[in-house]
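Undergrad: Got a structure here, written out as structure tokens. Questions coming.
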Amino acid sequence: MAYAYDDQNIFAKILRGEIPNDTVYENGQALAFRDISPAAPTHVLVIPKGPYVSMDHFTQEASEEELVGFMRAIGEVCRLEGISDEGFRAISNTGHNGVQEVPHLHVHIIGGRPLGRMLMKPA
Ligand code: 5GP
């Protein structure tokens, strides 16, 4: 699949500094900031700085440096937020079935309370 990146998406605007964010961590390849509508005491979004729509796009086209920097950022955020020991959930909603709202790859880091089962089975 060929991906078209929309540079007007909200996270692209955050990366360009056009919209403010509450930054938790940043390295050369990734930015982590608090979700505007947190689902738990810790809810941080980690995004690559490059123009990638999704995990599929990123893992196909990103460089080794981008891949490593992004994954390291996820671990660093969990340690900074103090959720590594008690546990957390890392989620990347992708595409239509994943109900992805913002078309720039992001991993939600959610923790700070017991999170329950991952998915509810359909009734
Ligand atoms: P998705 O449904 O695409 O996986 O998640 C998008 C997330 O982005 C949502 O949890 C939503 O609250 C968050 N979000 C949307 N707009 C903004 C914004 O302008 N700033 C921040 N910090 N988070 C946002």
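Here, each number is a calculation from the coordinates, and none is a lab measurement. Treat the numbers as computed from the prediction; the structure is a model and nothing was measured. In this analysis, Cβ positions are derived from the backbone assuming ideal geometry, glycine residues included, and neighbour counts consider all displayed protein chains.
Undergrad: Just in the stretch 1-82: which GluC sites (Glu not before Pro) are loop by DSSP and have at most 14 other Cβ atoms within 10 Å? Walk me through the numbers on the way to the answer.
TA: Working: sites: Glu18, Glu26, Glu61, Glu64, Glu65, Glu66, Glu76, Glu81; in loops: Glu18, Glu81.
Passing both the DSSP loop test and the Cβ count: Glu18.
Undergrad: What stretch of the chain, leaving out the sites themselves, is the longest with no trypsin sites (Lys or Arg not before Pro) in a DSSP loop having at most 10 other Cβ atoms within 10 Å? Walk me through the numbers on the way to the answer.
TA: On the way: sites that count: Arg16, Arg117.
With a cap of 10 other Cβ atoms within 10 Å, the longest stretch comes to 17-116.
Undergrad: May I pose another question? Between the stretch 18-41 and the stretch 64-123, what is the C-alpha centre distance in whole Å?
TA: Here the answer is 13 Å between Cα centres.
Undergrad: In addition: By its C-alpha gyration tensor, with a ≥ b ≥ c as the square roots of the eigenvalues, how is the stretch 70-123 shaped: rounded for a/c under 1.5, else prolate for a/b larger than b/c, else oblate?
TA: oblate
Undergrad: For Ala39, what is the net charge nearby, where nearby means another residue's Cβ is under 15 Å from its Cβ and Lys, Arg count +1, Asp, Glu -1? Walk me through the numbers on the way to the answer.
TA: Details: positive: Arg34, Arg89, Arg113, Arg117; negative: Asp35, Glu81, Glu101.
Computed value for this residue: +1.
Undergrad: Using only C-alpha atoms and all pairs of different ones, pull out the Kirkwood radius for the chain in Å with one decimal. List each step's numbers first, then the result.
TA: Numbers: mean 1/r = 0.0667 Å⁻¹.
One decimal place: 15.0 Å for the Kirkwood radius.
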